[in-house]
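Only the coordinates and a few stated rules stand behind these numbers; no lab work does. What you are looking at is a predicted structure, and each value in this text was computed from that prediction instead of being measured. In this analysis, Cβ positions are derived from the backbone assuming ideal geometry, glycine residues included, and neighbour counts consider all displayed protein chains.
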Amino acid sequence: MGLLTILKKVKEDEKEIRLLILGLDNAGKTSITKKFLGQPVETVEPTLGFSIQTLDYIVRNSNSGSREHTNGLDSDTTKTAATETIAEGEQEQKDNNNDNDNNEKDTTTTTIDHGAIQQCISTNNAVPPAAFSNCHDDEQLYRLHLWDIGGQSSIRAYWRNYFEKTDGLIFVIDSSDKHRMELVQEELSTLLQQERLQGATLLVLANKQDLKNALTSDEIATELGLNSKIQYRNRHWAIYGCSAMSGQGLPEALEWLVQDITSRIFLF
Ligand SMILES: Nc1nc2c(ncn2[C@@H]2O[C@H](COP(=O)(O)OP(=O)(O)OP(=O)(O)O)[C@@H](O)[C@H]2O)c(=O)[nH]1
């Protein structure tokens with residue numbers, strides 16, 4: 001069996017993508033998830049368990065430009081390293097039911113496309129109409145399952161219960177929380193050593209760029225060693241500066257993530 005065969009998971013027609021959203025407490029994971037869904041972000045509560053949201057995301061094929069969009073990857077605030085993915089190890093199937101009985105479980109489905117998400121994020125309007133789900137010939141619908149897991153230290157021990165079948169890891173950082181950058185670096189490094197996350201695309205979101213004392217995404221990339229550490233060499237990753245408050249940076253980041261995952265795991 002060739003490496004390509006191992007890497008390209010054929011997911012039949014379902015085109016489902018599982019995204020795991022992790023990061024320290026107060027990083028902005030829930031706010032970002034809400035922004036993706038076009039929901040107001042003014043009032044968010046700490047996540048004491050997890051929340052699952054579903055987002056239908058439409059990608060337009062080459063003729064309509066979306067697939068060809070470069071996402072501003074050459075901009076000052078963004079760095080990418082696209083390398084060959086390492087083979088996924090044999091993944092032991094584990095039951096995702098975990099021992100955190102008090103978990104919040106919230107499931108919502110929203111239909112959206114890239115153009116819509118831009119509008120949604122910038123205006124906080126209600127989610128776009130379901131008409132978006134009626135794809136044209138040049139469009140492909142992907143169903144994103146967003147798993148937002150609490151980041152408090154007592155909950156981090158349970159993160160491992162959610163690793164299974166993760167296609168993309170969104171790691172959110174409070175860019176103004178300079179004192180905890182070392183802890184951030186340690187937590188991310190530990191995550192990337194997990195066998196069940198070996199094949200996952202990594203999107204680092206340097207959140208809270210609206211705050212004056214926020215580190216830039218370049219500074220955070222240096223703190224994390226994204227360009228220097230060996231563990232990132234065989235990983236598809238990107239870092240985007242963003243703000244869950246304004247929505248800045250989020251559409252491009254999500255588009256990059258979906259593009260990377262879909263080109264990696266779907267054959268058709
Ligand atoms: N200024 C600013 N504040 C933000 C931003 N994103 C989130 N916040 C605030 O940061 C706090 C934490 O946001 P959450 O979305 O709850 O963070 P979380 O990572 O889900 O936190 P846990 O559930 O504890 O893991 C809230 O007060 C948010 O309003 C941002 O981009 N800019």
Worksheet item: Residue by residue through segment 176-187, which ³J(HN,Hα) values in whole Hz follow from phi under the Karplus form 6.51 cos²θ - 1.76 cosθ + 1.60 (θ = phi - 60°), with glycine and proline marked x?
Response: 8, 8, 5, 5, 9, 4, 5, 5, 4, 4, 5, 5
Worksheet entry | Cα gyration tensor, segment 158-268 - rounded (a/c under 1.5), prolate or oblate | oblate
Discussion item. Amide H of residue 172 versus every other amide H placed in the peptide plane: which residues, excluding those fewer than 5 positions away on the same chain, fall under 5 Å?
Written reply: 22, 23, 205
Item to complete: Output the relative contact order of segment 164-235, whole-number percent, from Cα pairs under 8 angstrom with separation of 6+ residues.
Response: 42
Worksheet item: Which whole-number percent gives the relative contact order of segment 133-268, counting Cα pairs below 8 Å spaced six or more residues apart?
Response: 23
Response to the item:
By Cβ neighbour count within 10 Å, fewest first, 43, 190 rank 43, 190
Item to complete: Give the order of 266, 36 when sorted by the count of other beta carbons within 10 angstrom, beginning with the fewest.
Response: 266, 36
Worksheet entry | Under 10 Å, Cβ to Cβ, from residue 185 - net charge with Lys/Arg +1 and Asp/Glu -1 | -2
Practice prompt. Within segment 193-230, list the trypsin sites (Lys or Arg not before Pro) lying in a DSSP loop whose Cβ has at most 10 other Cβ atoms in a 10 Å radius.
Written response: 212
Practice prompt. Give 34/165; 165/229; 29/165; 165/212; 34/178; 15/208 a once-over and call out the pairs whose C-alpha atoms are over 29 Å from each other.
Written response: 165/212; 15/208
Worksheet item: Can you list the HN-Hα couplings for segment 195-207, worked out from phi with the Karplus curve (6.51, -1.76, 1.60; θ = phi - 60°), rounded to whole Hz and with x for Gly and Pro?
Response: 4, 6, 10, 4, x, 6, 6, 10, 10, 9, 10, 7, 7
Discussion item. For a quick check: with amide H placed at 1.01 Å from N, whose amide H comes under 5 Å from residue 56's, ignoring anything fewer than 5 positions away on the same chain?
Written reply: 110, 111, 112, 144
Worksheet entry | Order of 32, 52, 170, 149 under a 10 Å beta carbon neighbour criterion, fewest first | 52, 149, 170, 32
